[in-house]
Amino acid sequence: MTPPTPAPMLALRVHAVRAEARDVLSIELRSAVGSALPPFTPGAHLEITLPAGADSRPALVRHYSLCNSAAETHRYVVAVGLAPASRGGSLAVHEQLRVGQVLQARPPRNHFALAEGAAHYRFIAGGIGITPILSMLRWCEAQGQPWSLLYCTRSRVRTAFYEELRAYGPRVRFHFDEEAGGQLADLAQALSHPEPGEHLHCCGPAPLMRAVQAASAQRAPGTVHFEWFSAGAPAPAAQAPAAAADSAFDIVLAQSGQRLHVPPGQSILDTLEQHGIGVPFACREGLCRTCETGLCGGEAEHRDLVLSDAERVAQKTILLCVSRAKGAVLELDL
Ligand code: FES
């Protein structure tokens, strides 16, 4: 299988920047040439290139979930929280992005699609993980689908889109850690009585996601959906074997027959680059699928956070930035 050809870039002009909470900005982007934008579905994200800064910061590629209505084709809206340990992306957005600036972006892609046909949609969001959930609940509202949301944040002032969400009444339950004496939300209790036919969608920091995984472990397969967005988030145990288990293996490039050695501690992507073989990449953390490549032979030890269970079992594809081989050799469609 040949890796998907990257979609052509879009030129997007920053139309508005708004403060949505302390350290959270929303960015409204419109076509720089005035055309309609490619459509998206709830849960989709944009891959945006933040231009190099005057402070010699290099250009950065970042992925941000779309939070506006998927019915809109005149704008994309993303929201960005200022990360305390920012690797540059959130800092660049908060300090350097200006109205009128033109950014390059790839058309939206969706790795966190809203489940179809649910009788009830339950959402759990933590912090800036509210962004894909917002787009999802807007869709539910428009379609008349029943939904509810538990939104967990550190404090009321750090709760993005607070007033807008409060207007939905009892369907939105807020949990502010600071107002609860530092206690996290009781997820076991929150998830204890699922509605018939309910699907659960969750996005937030890794500790919240793992707590939701634990609290929903008994639910029917395929009814719980996660979007792991935090950089460096430890993967769920079922999906990511410990890095300590790293061992060496070889890769064979099916199209040329070239064989390369991947030592412990080095990714397949790193190895390819070291040998002058360029493969598209963005996050390098198993979150975005940009480096996805066809797997022709061997068994992959999938360490990403985006492949579905079915894709993991099928062994037809691999994310080169994080995943490794279970055996001695992997054959890649390169
Ligand atoms: S570069 Fe993002 S998943 Fe590999």
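Here His225 passes the criteria (1) touching a residue at least 60 places away in the same chain (Cβ under 8 Å); (2) more than 29 Å from Arg62 (Cα to Cα); (3) under 24 Å from the mean Cα position of the chain (by Cα) except the one numbered (2). When you scan the stretch 250-268, do you find a residue that is within 14 Å of the ligand (Cβ to nearest atom), buried (at least 21 other Cβ atoms within 10 Å of the Cβ), modelled with pLDDT of 95 or more and not in a loop (DSSP other than H, G, I, E, B), even just one? Yes, the stretch 250-268 contains at least one residue that is within 14 Å of the ligand (Cβ to nearest atom), buried (at least 21 other Cβ atoms within 10 Å of the Cβ), modelled with pLDDT of 95 or more and not in a loop (DSSP other than H, G, I, E, B).
Here is a check on your reading of the model: is Glu273 open to solvent by 20 Å² or more (accessible area, probe 1.4 Å), outside any loop (DSSP other than H, G, I, E, B) and either β-branched (Val, Ile, Thr) or within 15 Å of the ligand (Cβ to nearest atom) (or both)? Taking the combined requirement at face value, the residue satisfies it. Checked against (1) open to solvent by 10 Å² or more (accessible area, probe 1.4 Å); (2) not assigned by TED's automatic domain parsing to the domain that holds Leu208, Ile48 meets all criteria but (1). Applying the criterion of at least 3 residues that are under 30 Å from Glu331 (Cα atoms) to the strands (runs of 3 or more DSSP E) found wholly in the stretch 1-102 leaves 60-65. Scanning the stretch 64-83 for residues that are open to solvent by 40 Å² or more (accessible area, probe 1.4 Å) and touching a Ser or Thr at 6+ places or on another chain (Cβ under 9 Å) gives His74, Arg75, Leu82, Ala83. Each residue in the stretch 1-26 was checked for being modelled with pLDDT of 95 or more and within 18 Å of Arg109 (Cα to Cα), and 3 of them qualify.
Annotation: Leu330 fulfils all but one of (1) within 10 Å of the ligand (Cβ to nearest atom); (2) surrounded by 22 or more Cβ atoms within 10 Å (Cβ to Cβ); the unmet one is (1).
So how many residues does the stretch 253-271 have that are more than 22 Å from Gly286 (Cβ to Cβ) and not hydroxyl-bearing (Ser, Thr, Tyr)?
Restricting attention to the stretch 253-271, the residues satisfying the condition of being more than 22 Å from Gly286 (Cβ to Cβ) are 254-259.
Restricting the remaining residues to those that are not hydroxyl-bearing (Ser, Thr, Tyr) gives 254-255, 257-259.
Looking only at that region, the number is 5.
Just name the residue that is farthest from the ligand (Cβ to nearest atom) out of those in the stretch 296-324 that are of a type in the set (Ser, Thr, Tyr) and crowded, with 19+ Cβ neighbours inside 10 Å. Residue satisfying both the conditions and the ranking: Thr317. For the stretch 282-290, indicate whether the set of residues that are more than 12 Å from the ligand (Cβ to nearest atom) and either in contact (Cβ under 8 Å) with a residue 40 or more places away in the chain or of a type in the set (Ser, Thr, Tyr) (or both) is non-empty. No.
The values are calculated or read from the model by the stated rules, or taken from the named source; none is laboratory data. All values derive from a computational prediction rather than experimental measurement. Cβ atoms come from the backbone with ideal geometry, glycine included; neighbour counts cover every protein chain shown. Keep in mind that these areas ignore ligands, DNA and RNA; they rest on the heavy atoms of the full protein, side chains included. Shrake-Rupley method; radii C 1.70, N 1.55, O 1.52, S 1.80 Å.
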